[in-house]
Amino acid sequence: MIDMSNASQSVIPRGFRFGAAKAGLKKSGNTDFALIVADEPVSAAAAYTANRVTAAPLILDKQHLRATGGKLRAVAINAGNANCAAGQAGLDAARATCEAIAQLFACRPEEVFPSSTGVIGVPLPAEKIIAALPGLAAHLSADFDHFQQAAQAIMTTDTVEKTAFARLEVDGKEVRIAAFCKGAGMIHPQLIPHATMLVYILTDAAVEPAILDGYLQPAIEVSFNRISVDGDTSTNDTVLLLASGASGAVVGAENAAFADALTQVCASLARQVVADGEGITHVVELRIEGAASDGDALKVAKAIAHSPLVKTAWAGGDPNWGRLAAAIGYSGAQIDPDRFDIRFGELAICRDGGRAPEFDEAAAHDYIAQREFSVTIELHQGAGSCLFWTTDLTHEYVSINADYST
């Protein structure tokens, strides 16, 4: 039985401690450095950005997981500086941070997983993080408040922390899943294998690293790889899943209940990221149906979600469905221009490639003036489909990003 409650200590997975500190990286002076520390080495699986310009922490993260066979002791996350496009100095800063943490917790540097988010192209002052470490390490806790403090510390342009929780039973034992993430802008994750989104998912199930990865990748595909705010893929996007085993419940391959709980947690976080998109006034669920393949359905969804013309029409509540038709046409998907249909919610907008006879412009305007609405595209080409979540594009988004680094 899954419980998505997020209000008590009983949802925090056992085997982890959390903390946050002010390292002096954010101009605001708010907390900007978080630690997740496992009591013992834990299983880990991760996915990273497909951007070929990759932040220094991600380079080390891949090396570290290979070196340890997918085992970690600590996760170090800083906000206020992306540690990207800083050359050798960026790698040196990430390594220095890992080495300092390893000394504090008597583990190997390779058992530390660093993450960064913030402005690209600015050297990371690792000495500030290292100076904050002893005080932070002395005040780690496994309680709900410290978990929430860690979630708050990694925020950049986010307006709220983003968390999700689940509980389930495996062989008569309670398994907990808890996760937090950040992301509001530069959001179009393309996570592989297959401003920034950072996601940390924790469970107290006992899962081997290779099996853990087998659960993570499908969950990502239908959640984080199905959202877009602005179409930009960050240099730092990371999703990390850790399993402590502290519940004593062993999860093997193909446990449907565990897979479902993990997918629900990922989907909740993904939708929270979209809902907190920079400057947004509308959250849009795209339902693409009847495509020649699921891949074609995704092409149509992304073409619509990334169109400035479509997104600005949504911002103004303008039911200009012709912009949707144009995006469908250039998406690269197999289509018949005389057979696709468009609905706003249950309102018929376009039928057989042309304006629906019952199209009601005033009703359509009122419907998409809501903060949340759905758009359904029926292509009549096959059984392919996808769900995708995106936003409008507003003046406020421009204002936030016009002077982000200054």
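The values are calculated or read from the model by the stated rules, or taken from the named source; none is laboratory data. Everything quoted here is computed from the prediction, not taken from an experiment. For neighbour counting, all protein chains shown are included, and Cβ atoms are generated from backbone atoms with ideal geometry for every residue, glycine included.
Below is a table of values for the structure above.
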{"item": "Any hit, the stretch 278-290, residues being in contact with a strand residue (DSSP E or B) (Cβ under 9 Å, 6 or more places away or on another chain), outside the structural domain of VAL160 (by TED's automatic domain parsing), among the β-branched types (Val, Ile, Thr) and in a helix (DSSP H, G or I)", "result": "no"}
{"item": "Residues (of a type outside the set (A, V, I, L, M, F, W, C), in a loop (DSSP other than H, G, I, E, B) and either exposed (fewer than 13 other Cβ atoms within 10 Å of the Cβ) or touching a helix residue (DSSP H, G or I) at 6+ places or on another chain (Cβ under 7 Å) (or both)) located in the stretch 382-406", "result": "ASP392, THR394, ASP403, SER405, THR406"}
{"item": "Single unsatisfied condition, ASP318 versus (1) crowded, with 23+ Cβ neighbours inside 10 Å; (2) out of contact with any Gly (no Cβ under 9 Å at 6 or more places or on another chain)", "result": "(1)"}
{"item": "Any hit, the stretch 114-131, residues being buried (at least 17 other Cβ atoms within 10 Å of the Cβ), farther than 19 Å from ASP32 by Cβ and of a type in the set (Gly, Ala, Ser)", "result": "no"}
{"item": "Qualifying residue in the stretch 161-172 (condition: of a type in the set (A, V, I, L, M, F, W, C) and either surrounded by fewer than 17 Cβ atoms within 10 Å (Cβ to Cβ) or part of a loop (DSSP other than H, G, I, E, B) (or both))", "result": "no"}
{"item": "Residue in the stretch 49-59 that is at pLDDT below 95 and part of a strand (DSSP E or B) present", "result": "yes"}
{"item": "Any pair with Cβ under 6 angstrom, 6 or more apart, that starts in the stretch 13-39 at a residue that is over 25 Å from VAL175 (Cα atoms) and ends at one that is basic (Lys, Arg) and not in a strand (DSSP E or B)", "result": "ALA23/LYS128; GLY24/LYS128; THR31/LYS22; ASP32/LYS26"}
{"item": "Any chance GLY29 is part of a loop (DSSP other than H, G, I, E, B) and at pLDDT 95 or above", "result": "no"}
{"item": "Test result for ARG73, over 23 Å from GLN148 (Cβ atoms) and of a type outside the set (S, T, N, Q)", "result": "no"}
{"item": "Tally of residues being within 17 Å of the chain's Cα centre (by Cα) and either among the basic types (Lys, Arg) or not assigned by TED's automatic domain parsing to the domain that holds ALA34 (or both) across the stretch 155-169", "result": "1"}
{"item": "Single match in GLN152, GLN88, GLN103 (criterion: in the same structural domain as GLY24 (by TED's automatic domain parsing), out of contact with any Pro (no Cβ under 6 Å at 6 or more places or on another chain) and closer than 23 Å to VAL11 by Cβ)", "result": "GLN152"}
{"item": "Restricting the stretch 313-365 to residues that are of a type in the set (Phe, Trp, Tyr) and in a loop (DSSP other than H, G, I, E, B), the residue that is nearest to ALA301 (Cα to Cα)", "result": "PHE340"}
{"item": "Qualifying residue in the stretch 259-273 (condition: more than 18 Å from the chain's Cα centre (by Cα) and at pLDDT 95 or above)", "result": "no"}
